[in-house]
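Peer 1: Let me begin by handing over the structure; questions about it come next.
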Amino acid sequence: MILSLFLLMGCNNTADSESRAAETAQEKAESIAGTYYVMSCKDKDGKELKLDYETLHLNEDGTGMFFLNGDAYELNWTCDNGVLEFTDSEGDSFKGSYTSGMIYGTYFDDITYMFTDNYEIASGIWNNQETLEEATKDPSPTVNIPRNSEGTYFYKTTLYEPKYGIKTANTLVPYGWSVRVDTEWGLVSTMYPAAATVVLVSPDNDACINVRSTDAYMMMARNGNWIKEGTYYDLYNTFLNYRNAGEYNDLLLGNLGYKGTIMNRQGPSYEYQLDLNGAANTLLEALSLPSQAEALEAEGSFEKTSYFITQGDAYEVELVSSIIMAHVRVLGNQESVEWIVPQTASFVAMNEEAYSRYKDIFDLIVANTCFCENFVYVVQKNAAYLNDMMHAYLMEKAFNPSGSDIKSWNDSYVQSEQDRWINAWDDVITERDTYTTTDGEQIKVSTQYDAVYQNGDTIYAGPQTDLGVDWTQLNKVEY
């Protein structure tokens, strides 16, 4: 009897130990789970190897993915007391260490890798082929920035999609602000099964600016019965009831988790409204001709809406969107409404002072953020791939294109005018001037600024001032 009790206690102790060990392992897994970006890789002789936007994804359950040279490798990983190991689907092993958001170790063929969870540092290395020391150095000392509190300094940057390394967006960033691009792949919207969002956050965390890439939605009625809102994977469509730009902003406010009262609505300039109408009629013609559908109506709308927040932790939210809509009827008993939503923007201010301080910055960033044509091209190629797989009843494969598929689409991109207009804002608000930069490009700046100067990739907007010989005052474009 005593022996039996002793054995039972021993079993319980063993079970408890195993349970605690499992809990500890799970806690450690959760603590380092996330996405890491390659900072450097060297061969066994210490020679630097070309970086191809490799990313390492560690899931909380001990599984993950490693994207290497356009290919994706599944893996299983463990981390014990900072010692990280994983084995991929090809049987190759990684052995290294984790500390403070950094992963360092050797992979197949004794290649040494260093990863970081800081996208800004990694993308600096990718974009400019900088060394690790150069990328982690504070960029501000490289440019002579005078202390002028009345003006604002920005730098031009290109952002890369973190999962596949696709050149995604160009934007201006105020010095001191953080910037990143978030992406979502899957049936995000009809025709655009991926979305990218440029996210900028002020140094005091009191303001956040989001600019999102293009979405597209459908309405469809059969025999007078409209399909209800939602995502239908069997139809490869995302359905949404009709909304013009102002109503779409109201929807976006709720999606952000806020309720508020409308403070101001502002429509487009006359010229931009003509562009919207022309784009809507072009879409209507494209939808009606191939199917011999009856063209019913087309509409282009734009609105910039300010909300005073009555529910939520923000003070004021400003949203900007435009919509291109076309409505057709086929065979008399089926109607469809299709609309494209060019990039949308949101400005969330946590208090009144932040709204007043950063409002002009929001307008300038919105005017100068555009999504790169090759990102849109890859998304559209992904849409065609998804559509083909779904029609072949290969549902699981449809939403899981390989890294090599994405890479091949990106490599095959050829610059074209198609869809260019939906990826860059025009003068939707009239109080804006256009300036030509030293490299021949154009930027748009609020008329409230007296002068614009440039030094390399740094832009100054503010009062007329003497910034020194390294700065060039930009000329306003006269129409």
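Peer 1: Assuming VAL199 fulfils every condition listed in (1) of a type outside the set (D, E, K, R); (2) touching a residue at least 40 places away in the same chain (Cβ under 8 Å); (3) part of a strand (DSSP E or B) apart from one, which condition is it?
Peer 2: (2)
Peer 1: Only residues that are at pLDDT 90 or above and of a type in the set (Asp, Glu): list them for segment 297-337, please.
Peer 2: GLU297, GLU299, GLU303, ASP313, GLU316, GLU318
Peer 1: Look through segment 220-255, keep the residues that are of a type in the set (S, T, N, Q) and buried (at least 16 other Cβ atoms within 10 Å of the Cβ), and return whichever of them is modelled with the highest pLDDT.
Peer 2: ASN249
Peer 1: Within the set of pairs 6 or more residues apart or between chains, which connect a residue that is more than 10 Å from VAL211 (Cβ to Cβ) and touching a residue at least 40 places away in the same chain (Cβ under 8 Å) inside segment 360-373 to a residue that is in a helix (DSSP H, G or I) and not hydrophobic (A, V, I, L, M, F, W, C) with Cβ atoms less than 8 Å apart?
Peer 2: Close Cβ pairs satisfying both conditions: CYS372/ASN423; GLU373/ARG420; GLU373/ASN423.
Peer 1: Could you please let me know if VAL337 is surrounded by 19 or more Cβ atoms within 10 Å (Cβ to Cβ), touching a His at 6+ places or on another chain (Cβ under 7 Å) and assigned by TED's automatic domain parsing to the domain that holds PRO268?
Peer 2: Judged against the criteria, VAL337 is a match.
Peer 1: Please work out if TRP185 is under 23 Å from ALA461 (Cβ atoms), modelled with pLDDT of 70 or more and among the aromatic types (Phe, Trp, Tyr).
Peer 2: no
Peer 1: Condition first: among the aromatic types (Phe, Trp, Tyr) and surrounded by fewer than 18 Cβ atoms within 10 Å (Cβ to Cβ). Now tell me which residues in segment 429-479 satisfy that.
Peer 2: Listed by number, the list holds a single entry, TYR479.
Peer 1: Which pairs have Cβ atoms under 7 Å, sit 6 or more apart or on different chains, and link a residue in segment 95-112 that is over 18 Å from ALA33 (Cβ atoms) to one that is charged (D, E, K, R) and modelled with pLDDT of 85 or more?
Peer 2: Filtered contacts from segment 95-112: LYS95/GLU85; THR106/LYS95; TYR107/ASP92; PHE108/ASP92.
Peer 1: Going by the structure shown, is THR168 part of a strand (DSSP E or B), crowded, with 21+ Cβ neighbours inside 10 Å, of a type outside the set (Lys, Arg) and in the same structural domain as ALA293 (by TED's automatic domain parsing)?
Peer 2: Here the answer is no, as THR168 does not meet what is asked.
Peer 1: For segment 31-120, please list each of the strands (runs of 3 or more DSSP E) lying entirely inside it that holds at least 2 residues being in the same structural domain as ARG180 (by TED's automatic domain parsing) and closer than 24 Å to THR183 by Cβ.
Peer 2: Qualifying strands (runs of 3 or more DSSP E): none found.
The values are calculated or read from the model by the stated rules, or taken from the named source; none is laboratory data. Note that this is a predicted model, so its numbers are computed, not measured. All Cβ positions, glycine included, derive from the backbone under ideal geometry; neighbour counts span all protein chains shown.
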